[in-house]
Each structure stands twice: as C-alpha cells, then as structure tokens.
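Engineer: Questions regarding the structure given below will be posed in turn.
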Amino acid sequence: MPLDKTPIPDELRGLRLALLVSGGVAAYKVVDLASALTQAGCQVRVAMTPSAMRFVGPPTFQGVTGNPVLTGLWPADGAPEPHVWLGDWAQLIILAPATANVIGRIAGGRSDDIVTATLLAARCPVVIAPAMNDAMWSKQVVRENVAALRHRGVTVVEPETGHLASGHVGTGRLADASKLLKAMAEAVRARYDLAGRRVIVTAGGTRERIDSVRFISNYSSGKMGFAIAAAAADRGAQVTLVSTAGHPVHHGVEVKEVVTADEMLEELRADIKGADLLMMAAAVADFRPAKAAEGKIRREDTPTLTLELESIPDLIAALGREKDAAGVFRVGFAAEDSDLAGKGLEKMKRKGLQGIVANDISRKDIGFGSDHNAGVVLFSDGSSHELEKMTKREMADRILDLVVPRLPKH
Ligand code: CTP
C-alpha cells in the first residue's frame, strides 16, 4: 500500500484511531498506513487477531505507531480491560484487511478475540476494508454479511480487482490507501460535527454553605449535563465539564469540580475565552446564606435558627456581558412545571441567550435524578422544537443536532 502520493486528510489529524488487523496476506500492506497516519499526527493503536500475527509481528506495528499492540482479551495483553478498552478509546476504527472469517464473526455478534470484541464495544464510526480470495468474496453468505454490516452503519470499502495471492486475477484485493483514507475522512466528517470546537458544560446543583457541615442545594443529579458533555466529546469537541457532581470518566471530557455558584463562575471565567459553546445544565442556586457560619452551628447554642439569604447573580446572564464570552453561543436550561415554551422563551430573552432547553419537572418519570428527560428547545432565531421522552443521552444528541448547525462558523 504505497502512500507516497496519498496525503493524509486533515480530518484525521490528531484523531484517536484504532487499526484492527485480521489474518490475510494484505496485513503487511497496512503497516505503511499505520506509519503514515502516525506521522500525520494521529494516535494509532493496533489490535490483531491471532492469524494476523502469523503474517506480521506485533513489534512491527508497535515500532511504527510507538504504541503497544493489543493481541488478546486478557489484561496481560496490552490494556487493563482489553475487550472494551480500545472500542471505548477510539474515535475511528478501521479494520483492514477484513477477512471473510472476521466479517462473518462480526456480522454474527461474536467477540471471541480482541478484534471482534473491540468492534462490539465500539462507540465510534467503523470503516472496514475486505480482502480475500475472489471465490470467497463472491459467495452469497459473504455478501449477506457485508450487507448486514452496511445496514448497521459500517462503511465498507470494496476490494479491488487484480492479481490475488492465490494466483488468480479476480476481485478481492485490499482497496488502495487513497480509497481507504477518503472513506475514513468521510466517516469522520459525518460523525464529528464538533471537531475543532471547544465546549463548556455545567452540571449538578450548586451547594451553598450554611456552616461547616450544612448547605442549601437542590435535586439536580448532574446526569443531563454529563450526557451533554459525553455527547459533545463523542462528536469531536474538546469538552470542559464544570460540575458539582461526581461523573464517570469519559474520553475527551475534562472535569472541573466545584461546589458553590461562586466557584462555578470563577471556573467558567477561567475557561470561557475562545470557547464556542456554553451549555449551562447546572441548577445554580438563586439564594445563599448571606454569611456562612464558621464551624458547626450547635443546637444547644441556637434553639431556633433564622437564615438570612442573599440572592446569587445570574451566572449565564453575567457571562454574556463579559468581553471574554463574546461570541460564545450560550444555551441555558430551564426546569419548569407548566407552560414550558412560554416560560423558556421569557428566560431566554431575559438572560440574553441564543438558546434554551425547557424541561418538565412536573412529571415523575423524567427530570431530576432520572435517566430520562423531555422538553422543548427554543432558539433566539424564533424556532421551537419539541423533544418527546427519551434517555438523557439521546436527548443530549438531539439537542446538539439542533445547536451545532446554529454555531457561528469559524
Ligand atoms: N442560572 C444561572 N445562574 C443562576 C441561576 C440560574 O446561570 N444564579 C442558569 C441555569 O444554569 C440555567 C438557566 O439559568 O441554565 C435557567 O435556570 P432557572 O433556575 O430555571 O432560572 P432562574 O433565572 O433561576 O429562574 P426561576 O426563578 O424560575 O428559578
């Protein structure tokens, strides 16, 4: 696979790319591809089936990529949880060459080696490049397996006609590098519509101190904010999640933990310059104790307690007036129990936002703490979009589907 005249498309630069190799003679051709992608700035990690290792040794791929090669399903084989690690890590997976055997196993949902397990655990676009004997390629069962993979969203780069290892001339040669790279770039363009963008998301309810052990807060779990952060990172954004809640680790999301509204504002101010999008899913308190007590307030000393509360400035509205946030597309979230669209519109205008997601907190089956949500998304261009009940992760993607086309072009 000579790559001399084939430039690496810009879309692929900097990407976390998993190159999966199965056992065909064309395995030697993808060594060059791994090397060229690494030199172009991709982070390339290779996984190989046992048969692939009979054609090319893992040290060859390790040498050209600078990364250890995953060769099996056990922790000693190159990662803490090899069966899911690479699929979780990768932003794009390319399987080349894809033999008839591995295609059949993927189509059947198998996960009995590191290549099939990685594909089953994948969250990113997958491009496969079949290469095999022409008689195998023409078999009905292989065609059906390939069609099933296409139907599930896999991009298939068809093999070419030419001299085959068997000595025949027929269709089954691994497609050349330029076709593979073009298909990879297209898969990236379609999926990573936030590539090159910086997104800040806030999540969770702020905690406002009463004394050293008590605080005022609200029921926000931070799940919606985390879902948005994860969805934005999966679409290629560099994401900062400013949150009061603990969250699972997600590739591409940097978590900054805060407690109070003041800390949240400070963190936002530190990060906002140059950001493209602020998604303000946090439930920021509106009031806080005017003065937090030193130490613990004791019942014996204070038989009745009156708290004086002062109001907290509106963070998202305040940021909108600051120079560093000029040009940042600001989307707020409004938890409402009636007239979602009306109240959402009023809040969006009052806070000078470009968009707002109003969700219904009157329903027991969605909202605070739940894994589901529903609501209406409004934009300052006057458009309004109802979102029926769905998981918070699905809702995060539907919201981003609406927001991304409205972001100012770079
Ligand atoms: N918000 C904020 N700063 C605050 C309060 C709210 O930035 N002090 C943001 C929230 O993060 C959210 C949006 O404003 O994105 C709407 O929050 P909401 O609590 O519904 O609005 P309020 O202005 O507090 O109105 P309400 O009186 O209905 O609570």
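The values are calculated or read from the model by the stated rules, or taken from the named source; none is laboratory data. What you see is a predicted model, and the numbers here were worked out from it, not measured in a lab. For neighbour counting, all protein chains shown are included, and Cβ atoms are generated from backbone atoms with ideal geometry for every residue, glycine included. The accessibility values were calculated without ligands, DNA or RNA, using every heavy atom of the protein model including side chains. Shrake-Rupley method; radii C 1.70, N 1.55, O 1.52, S 1.80 Å.
Engineer: Take the residues in segment 287-298 that are closer than 29 Å to PHE368 by Cα and exposed (fewer than 14 other Cβ atoms within 10 Å of the Cβ); name whichever of them is farthest from the ligand (Cβ to nearest atom).
Structural biologist: The extreme case among them is LYS291.
Engineer: When both residues are 6+ apart or on different chains and their Cβ atoms are under 6 Å apart, which pairs have a first residue that lies in segment 393-404 and is in the same structural domain as GLY382 (by TED's automatic domain parsing), and a second that is in a helix (DSSP H, G or I)?
Structural biologist: ARG393/ALA227; ALA396/ALA227; ALA396/ILE228; ALA396/ALA231; ASP397/ALA231; LEU400/ALA231
Condition check ((1) in the same structural domain as HIS372 (by TED's automatic domain parsing); (2) at pLDDT 95 or above) across all residues:
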residue	(1), (2)
THR155	no, yes
PRO159	no, yes
LEU164	no, no
GLY167	no, no
SER212	yes, yes
ALA229	yes, yes
ALA237	yes, no
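Engineer: Can you find a residue in segment 269-278 that is surrounded by 16 or more Cβ atoms within 10 Å (Cβ to Cβ), at pLDDT 95 or above and away from the ligand (no atom under 16 Å from the Cβ)?
Structural biologist: So far as segment 269-278 goes, yes, one or more of its residues are surrounded by 16 or more Cβ atoms within 10 Å (Cβ to Cβ), at pLDDT 95 or above and away from the ligand (no atom under 16 Å from the Cβ).
Engineer: Further question on the same structure: GLY367 - would you say it is small (Gly, Ala, Ser), at positive phi, open to solvent by 40 Å² or more (accessible area, probe 1.4 Å) and not in a strand (DSSP E or B)? Don't jump to the end; show me each part of the working.
Structural biologist: Values: small (Gly, Ala, Ser): yes; at positive phi: yes; open to solvent by 40 Å² or more (accessible area, probe 1.4 Å): no; not in a strand (DSSP E or B): yes.
Spelling it out, it is not the case that GLY367 is small (Gly, Ala, Ser), at positive phi, open to solvent by 40 Å² or more (accessible area, probe 1.4 Å) and not in a strand (DSSP E or B).
Engineer: Another question, if that's okay. Which one of the conditions (1) more than 13 Å from MET280 (Cα to Cα); (2) open to solvent by less than 20 Å² (accessible area, probe 1.4 Å) does ARG350 fail to meet, given that it meets all the rest?
Structural biologist: Tallying (1) more than 13 Å from MET280 (Cα to Cα); (2) open to solvent by less than 20 Å² (accessible area, probe 1.4 Å), ARG350 fails exactly one: (2).
Engineer: Here's something else I'd like to know. I'd like the residue in segment 321-344 that is part of a helix (DSSP H, G or I) and more than 10 Å from the ligand (Cβ to nearest atom) and, out of all such residues, is least open to solvent (accessible area, probe 1.4 Å).
Structural biologist: ALA325
Engineer: Same structure again: Return the residue satisfying two criteria in turn: it lies in segment 1-42 and is modelled with pLDDT of 95 or more and in a strand (DSSP E or B), and of such residues it is nearest to the chain's Cα centre (by Cα).
Structural biologist: Across segment 1-42, the extreme among qualifying residues is LEU17.
Engineer: Any idea which residue in segment 107-132 is most open to solvent (accessible area, probe 1.4 Å), counting only those that are in a helix (DSSP H, G or I) and closer than 19 Å to LEU17 by Cα?
Structural biologist: Per the criteria, the residue is LEU120.
Engineer: For segment 63-99, what are the residues that are outside any loop (DSSP other than H, G, I, E, B), within 29 Å of LEU164 (Cβ to Cβ) and open to solvent by 20 Å² or more (accessible area, probe 1.4 Å)?
Structural biologist: GLY63, VAL64
Engineer: Sticking with this structure for a sec: Taking segment 37-51 as the search range and keeping residues that are touching a residue at least 40 places away in the same chain (Cβ under 8 Å) and surrounded by 22 or more Cβ atoms within 10 Å (Cβ to Cβ), which one is nearest to ALA185 (Cα to Cα)?
Structural biologist: ARG45
Engineer: Yes or no: ALA27 outside the structural domain of GLY236 (by TED's automatic domain parsing) and closer than 22 Å to LYS182 by Cα?
Structural biologist: Yes.
Engineer: Being within 13 Å of the ligand (Cβ to nearest atom), farther than 17 Å from MET264 by Cα and surrounded by fewer than 11 Cβ atoms within 10 Å (Cβ to Cβ) is the filter here; which residues of segment 307-320 pass it?
Structural biologist: GLU310
Engineer: Got at least one residue in segment 299-306 being of a type outside the set (Asp, Glu), touching a strand residue (DSSP E or B) at 6+ places or on another chain (Cβ under 9 Å) and either in a loop (DSSP other than H, G, I, E, B) or near the ligand (Cβ under 10 Å from one of its atoms) (or both)? So that I can check it myself, show each step before the final result.
Structural biologist: Pass one, segment 299-306, residues of a type outside the set (Asp, Glu): 299, 302-306.
Retained after the next criterion (residues that are touching a strand residue (DSSP E or B) at 6+ places or on another chain (Cβ under 9 Å)): none.
Scanning segment 299-306, I find no residue that is of a type outside the set (Asp, Glu), touching a strand residue (DSSP E or B) at 6+ places or on another chain (Cβ under 9 Å) and either in a loop (DSSP other than H, G, I, E, B) or near the ligand (Cβ under 10 Å from one of its atoms) (or both), so the answer is no.
Engineer: Also, quick follow-up: Specify which of the listed residues (VAL213, VAL242) is within 15 Å of the ligand (Cβ to nearest atom), more than 23 Å from HIS372 (Cβ to Cβ), touching a Lys or Arg at 6+ places or on another chain (Cβ under 6 Å) and of a type in the set (A, V, I, L, M).
Structural biologist: Sole residue among the options that is within 15 Å of the ligand (Cβ to nearest atom), more than 23 Å from HIS372 (Cβ to Cβ), touching a Lys or Arg at 6+ places or on another chain (Cβ under 6 Å) and of a type in the set (A, V, I, L, M): VAL242.
Engineer: Further question: Consider VAL255 against the criteria (1) away from the ligand (no atom under 13 Å from the Cβ); (2) open to solvent by 100 Å² or more (accessible area, probe 1.4 Å): it satisfies all of them except one. Which criterion is unmet?
Structural biologist: (2)
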